[in-house]
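Read through the structure below, which is laid out as C-alpha cells, and then see the notes.
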Amino acid sequence: MLTTLIYRSHFNSSVTFSSMFNMVAQANDHNSSVGVTGILLFDGTHFFQLLEGPEDAVLQVYKKISQDKRHDNLVELMQDFSPGRKFGKVGMELFDLRQHDEESVLQAVLERGTSPYKLTYDDRALQFMCTFVEGREKENYLEIPSKDHWRFVADNSNAASLSDSDINVTEYSFAFQPIIDPLSQHILSYAAEMRTVNGGSASSYFSAISDEEMYQVDLRSKAIAFRQASRLGLGEKTLTVKLLPMSLIAMPDAVEFLLNEIALSGLVAEQVVIAITENGFISRDEAFIKAIRRLKQSGMRLAIDDFGAGLGGLLVLTRFQPEKITIDKDIVSDVHRQGPKQAIVQAIIKFCTSLEISVIASGVEKTEEWMWLEAAGVNNFQGHLFSEPQLNRFPTIRWPEMNDG
Ligand SMILES: Cc1cc2nc3c(=O)[nH]c(=O)nc-3n(C[C@H](O)[C@H](O)[C@H](O)COP(=O)(O)O)c2cc1C
C-alpha cells in the first residue's frame, strides 16, 4: 500500500547547513533503493518533508529521521493512503525556500506529479506544502526545549494516609490523585476514583452486580469519598468524583443525597466537582438535562471527563456548559509529536476560553507532553508524570523545577 507521510521539524542550529547536502545525496540513494520519494523544504529554521512510497519503507525511513539529532521538535502532520504514486520521482530533493520564490517551488513540485489529475490543488498533501511555503500557520508551531530542561522534585508535604478505621467500612475504597498547576506548584483538586479494597478497578466491582445496584453503589460510594477526602485533609481544595450519568437519573433525590453527605463530611457543595464521562452524556434526554440543572443549582461543579473520547461532546456543549473539561488521555498521549492531536487540543482550548470553561489535561506521562500543553495554554494537569493515584492516600507530588544552565 502506498502512503504519504508529512512532518515538520526544527533545524538544530549547532549543525552547519552545508553538511545537509551530503545527507541529501545519501538519502537520495537510499530512498531510490527502497522506492521512497522525499521532498524536503527548508525555510531557514524549519524543515518540512513529504515522504511517499510503500508503507513499510516510508515508516522505516521516518523512524531513522525521527532519531536524527540534526533536527528536533518533529511533528507528524499527516499520514494518508492512496492508490497510486502522486509525487513521481523516487529519491530525495531539497528546496531551500530562501533561494526560490513560492511559485517556482510549487511549480517544481507539481512537475513531479506523475499525472496532473492525481495531484490537484485539493490534495491535502499539496495543501500542507502550500501552507508551509507561504509561511502560514507558523503561530501554531509550539516548540519545546529538551526534556532535560526540567527535573522533578518529590514533595511529601501534602501526602496523607487514612487510618484503618476509615478504610474497612465497605467492600470498596478510593484512590486519590491530585490535579495540579505544576508551574505555580498549586494543588487544585484531588480526583477520587473508586477501587475495590485490594485496589482493583471499579469496573471489575460493577461487572459483578446488576445495573440497578450499580447506580445505587455508584451514588452511595460518594459518601465514602467525601468522608475519606475530608479525613485526609482536603482543606479548601476541591474534590473531583466520577458519577455515572444514569445514577443521576435512576436514583431519585440523588442530588439531595450528595448534598447531605457533603455536609456530614464537613465539606461544602462548591468544592465538589462531579465528573461525568462524555460517553455517558445523554444530551437529548430531558430527565438527564433536568438532573444536570438540579446539580448545578445545588452549587456543585460539573466536569466533562475524557473529553474527545466520546460521541456527543460538541453537541453536549450546546445544551449546557460544565465548569471544567478533562481532555482524554489518548489525545494527550504523544501530543508533542502529532499534528492532528495538536490541532484538536488547540481547538478545545479556543472554545473553552470563549465559554470560560477550564481545561485539564489528564493521563500526562511524558515531560514533553506537559511542556507542549503548557505552551498551548493548558495549566492544569493530572497524570503519572506528577503523581500516581494511590489507594486510601493523598500521594507524593513531583513538582517540575528548571535545571540550571
Ligand atoms: C531533515 C532530514 C531529512 C532526512 N530525510 C531522509 C530521507 O528522506 N531518507 C533517508 O534515507 N535519510 C534521511 N535523513 C537522514 C536520516 O536521518 C539518517 O541519517 C540516514 O537515514 C542514515 O541513517 P543510518 O546511518 O542509521 O543508516 C534525513 C535527515 C534529516 C535531518
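Could you work out how far apart the two model spin labels at R220 and Q390 are, taking each label as a point 7 Å from the Cα in the direction of the beta carbon, and quote it in nm?
Calculated label separation equals 3.0 nm.
Would you work out which of S18, F128, F48 lies farthest towards the positive end of the dipole of the chain, given +1 charges on the beta-carbon of Lys and Arg and -1 on that of Asp and Glu, about the Cα centre?
It is F128, whose Cα lies furthest towards the positive end.
In debye, nearest 20, what is the charge dipole magnitude of the chain about its Cα centre with +1 on Lys and Arg Cβ and -1 on Asp and Glu Cβ, if you could check?
For the chain, the charge dipole is close to 180 debye.
Provide, for region 147-402, the number of lysine pairs with alpha carbons under 21 Å apart, each pair being eight or more places apart or on different chains.
23
Name the lysines eligible as straight-distance cross-link partners of K89: C-alpha to C-alpha under 30 Å, and not fewer than 8 places from it in the same chain.
K63, K64, K69, K118, K138
Quick one: check the C-alpha center-to-center distance for region 138-189 versus region 216-293, whole angstrom.
22
If I histogram all Cα-Cα distances within the chain using bins 10 Å wide from 0, what percent of pairs lands in each bin?
4, 19, 25, 19, 15, 12, 6, 0
Skip the ligands, DNA and RNA, and give the accessible area per residue of the chain with a 1.4 Å probe, whole Å².
Numbers: 18970 Å² over 405 residues.
I get 47 Å² per residue for the chain.
Based on the alpha-carbon set only, what is the convex hull volume of region 64-114 divided per residue, in Å³?
Expressed per residue, the convex hull around the Cα atoms of region 64-114 is 132 Å³.
Helix 102-111 versus the longest principal axis of the chain: what is the Cα-based angle in degrees, 0 to 90, to the nearest 10?
The angle comes out near 80 degrees.
Assuming a viscosity of 1.306 mPa s and a temperature of 10 °C, what translational diffusion coefficient in µm² per second does Stokes-Einstein assign to region 178-260, Rh being the Kirkwood radius over Cα pairs?
113
Output the antiparallel fraction of DSSP beta bridges having both residues in region 147-402, as a percent to the nearest 5.
Numbers: 22 of 45 bridges.
Beta bridges within region 147-402, antiparallel portion: roughly 50 percent.
Positive end of the dipole of region 189-317, charges at C-beta (+1 Lys, Arg; -1 Asp, Glu), about the Cα centre: which of A223, M194, L248 has its Cα farthest in that direction?
Of A223, M194, L248, it is A223.
Suppose every K and R has +1 on its Cβ and every D and E has -1 on its Cβ; what is the size of the dipole of region 340-404 about the Cα centre, in Debye to the nearest 20?
Around 220 debye, computed over region 340-404.
Roughly how many percent of the accessible protein surface of the chain is carbon and sulfur, given a 1.4 Å probe and a whole-percent answer? Walk me through the numbers before you get to the answer.
Values: 9370 of 18970 Å².
Its accessible area is 49 percent carbon and sulfur atoms.
Averaging sequence separations of C-alpha pairs under 8 Å and six or more residues apart, then dividing by the length of the chain, give the relative contact order as a whole percent.
Relative contact order of the chain: 17 percent.
Over region 187-333, what is the percentage of antiparallel beta bridges among all DSSP beta bridges, to the nearest 5?
If I count the DSSP bridges inside region 187-333, around 5 percent turn out antiparallel.
At q = 0.12, 0.14 Å⁻¹, what base-10 log of I(q)/I(0) does the Debye formula yield for region 27-182 when every alpha carbon is treated as an equal point scatterer in vacuo?
-0.64, -0.78
The values are calculated or read from the model by the stated rules, or taken from the named source; none is laboratory data. Keep in mind the model is a prediction, meaning the values are calculated, not measured. Note that we place each Cβ from the backbone using ideal geometry, even for glycine, and neighbour counts take in every protein chain shown. In case anyone asks, the SASA skips ligands and DNA or RNA and just uses the protein heavy atoms, side chains included. Shrake-Rupley method; radii C 1.70, N 1.55, O 1.52, S 1.80 Å.
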